[in-house]
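Input: a single structure, listed below in structure tokens.
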């Protein structure tokens, strides 16, 4: 029988629903959460991401990263040692298949397991996912992406569309994770519509769901996961076509996804936000209504309102620009900012390397050796002569082996 004092909340997604924001708040507030009796294990680094990958038996950029092996077990071990509720959070848990879920439940046996899913309306999810896919080496135009989502063009590579529906088919994801969990322990936390309530409402809803008092632990941290605008996303998509065959995964992840996209392009002022085109509204509304109906029938615990997952539009608001409508002139202007940002980054890195080099020259060991050479010059000369003999001997030996 599960120990109700040892509850574990598995926050499994979905992506682009404020997951990064919530994880950042918990990481920054880890100490405060412990004081309140709630554990957010291993707040630093990629521990929860690595745990999700390990649970699913995957590799990272095609390489079995040493830290990944056993990452899920380490998280579970920390949870089992904690006498109280714990939160494990990463959106890639959404992609776990039935075998991975069974392993998770087996490893958490004896604990009271809750599944938490944050959800947002598809009208915001689709443009956000397209942009995220572009930040992950994607090449599809928005138009091709929509055709792929609708399954009306089989000439378009379906990879990103398949990923989207694996994440966003919420009823299917929850059926997989909640196969052996009662519906009252499956929680759907809806993201409020933009501008409808206070900026911290998502944290308030999530916190109360996982046993955190938001008044004792407010989200007063600088959480930052900025989005690129319409022009910037199109520029990056075209840049991808030039570089993805030449740049490996880790390099792209660091230089393009996290530096160029986030620190440079997303920081541009007066960016045109990405919005769902008017022509796609009817189809998106129908998809959203079908998802909401399935979730209602499952009778899960809802924090917020499932109606918030059905898009609503202001009839008096001007139609947004199509996501593919960036002009060459606009992208040229953005390219200059990108180039300036990269040059600034190169200059900063060069200066940092110079500082490190100066520090290395001034290391205690090197300073001691220089002092010894000055104080005992004859001994230093003999040491240099001996090193020279060793070096020449190694050279002759290497030449014989050729």
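The values are calculated or read from the model by the stated rules, or taken from the named source; none is laboratory data. What you are looking at is a predicted structure, and each value in this text was computed from that prediction instead of being measured. Because the Cβ atoms are built from the backbone with ideal geometry, glycine has one as well, and the counts that use them run over all protein chains shown.
Condition check ((1) at pLDDT 90 or above; (2) surrounded by 15 or more Cβ atoms within 10 Å (Cβ to Cβ); (3) closer than 30 Å to residue 266 by Cα) across all residues:
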| position | (1), (2), (3) |
| --- | --- |
| 185 | yes, yes, no |
| 196 | no, no, yes |
| 203 | yes, yes, yes |
| 215 | yes, no, no |
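Name the one entry in 178, 78, 104, 98 that is more than 30 Å from residue 282 (Cα to Cα), in the same structural domain as residue 22 (by TED's automatic domain parsing) and out of contact with any strand residue (DSSP E or B) (no Cβ under 8 Å at 6 or more places or on another chain). Quick ask: steps written out before the conclusion?
Details: 178 fails: out of contact with any strand residue (DSSP E or B) (no Cβ under 8 Å at 6 or more places or on another chain); 78 fails: out of contact with any strand residue (DSSP E or B) (no Cβ under 8 Å at 6 or more places or on another chain); 104 fails: out of contact with any strand residue (DSSP E or B) (no Cβ under 8 Å at 6 or more places or on another chain).
Selected residue: 98, the only one of 178, 78, 104, 98 that is more than 30 Å from residue 282 (Cα to Cα), in the same structural domain as residue 22 (by TED's automatic domain parsing) and out of contact with any strand residue (DSSP E or B) (no Cβ under 8 Å at 6 or more places or on another chain).
With the condition being within 22 Å of the chain's Cα centre (by Cα), I'd like the helices (runs of 4 or more DSSP H) fully within region 11-124 carrying at least 3 qualifying residues. Before the answer, list the steps.
On the way: elements: 19-28, 30-35, 47-55, 71-81, 98-107.
Of the helices (runs of 4 or more DSSP H) lying wholly inside region 11-124, those with at least 3 residues that are within 22 Å of the chain's Cα centre (by Cα) span 19-28, 47-55, 71-81, 98-107.
Suppose the filter is modelled with pLDDT of 95 or more and in a helix (DSSP H, G or I); does residue 7 pass it? No: the conditions fail for residue 7.
Scan region 147-159 and tell me whether some residue there is closer than 30 Å to residue 105 by Cβ and either in the same structural domain as residue 100 (by TED's automatic domain parsing) or out of contact with any strand residue (DSSP E or B) (no Cβ under 7 Å at 6 or more places or on another chain) (or both). Yes, some residue in region 147-159 is closer than 30 Å to residue 105 by Cβ and either in the same structural domain as residue 100 (by TED's automatic domain parsing) or out of contact with any strand residue (DSSP E or B) (no Cβ under 7 Å at 6 or more places or on another chain) (or both).
Here residue 325 passes the criteria (1) surrounded by 15 or more Cβ atoms within 10 Å (Cβ to Cβ); (2) assigned to a loop (DSSP other than H, G, I, E, B); (3) not assigned by TED's automatic domain parsing to the domain that holds residue 178 except the one numbered (1). Within region 150-163, the residues that satisfy the criterion of being touching a helix residue (DSSP H, G or I) at 6+ places or on another chain (Cβ under 8 Å) and either surrounded by fewer than 19 Cβ atoms within 10 Å (Cβ to Cβ) or assigned to a loop (DSSP other than H, G, I, E, B) (or both) are 150, 151, 153, 156, 157, 158, 163. Scanning region 132-149 for residues that are in contact (Cβ under 8 Å) with a residue 60 or more places away in the chain and assigned to a helix (DSSP H, G or I), we see that the one that is farthest from the chain's Cα centre (by Cα) is 143. Among the residues examined, residue 129 does not qualify as assigned by TED's automatic domain parsing to the domain that holds residue 11 and either closer than 30 Å to residue 271 by Cα or assigned to a loop (DSSP other than H, G, I, E, B) (or both).
Here's the yes/no breakdown for (1) surrounded by 15 or more Cβ atoms within 10 Å (Cβ to Cβ); (2) under 25 Å from the mean Cα position of the chain (by Cα); (3) at pLDDT 95 or above:
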residue	(1), (2), (3)
273	no, yes, yes
276	yes, yes, yes
281	no, no, yes
286	no, no, yes
289	no, no, yes
293	no, no, yes
309	yes, yes, yes
312	no, no, no
319	no, no, no
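For residue 233, the conditions (1) at pLDDT 95 or above; (2) more than 18 Å from the chain's Cα centre (by Cα) all hold with the exception of (2). Filtered by the rule that a residue be surrounded by fewer than 13 Cβ atoms within 10 Å (Cβ to Cβ) and not in a loop (DSSP other than H, G, I, E, B), region 252-271 gives 254, 258.
Here is a yes/no grid of residues against (1) in contact with a helix residue (DSSP H, G or I) (Cβ under 7 Å, 6 or more places away or on another chain); (2) more than 17 Å from residue 290 (Cβ to Cβ):
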residue	(1), (2)
137	yes, yes
140	yes, yes
143	no, yes
146	yes, yes
165	no, no
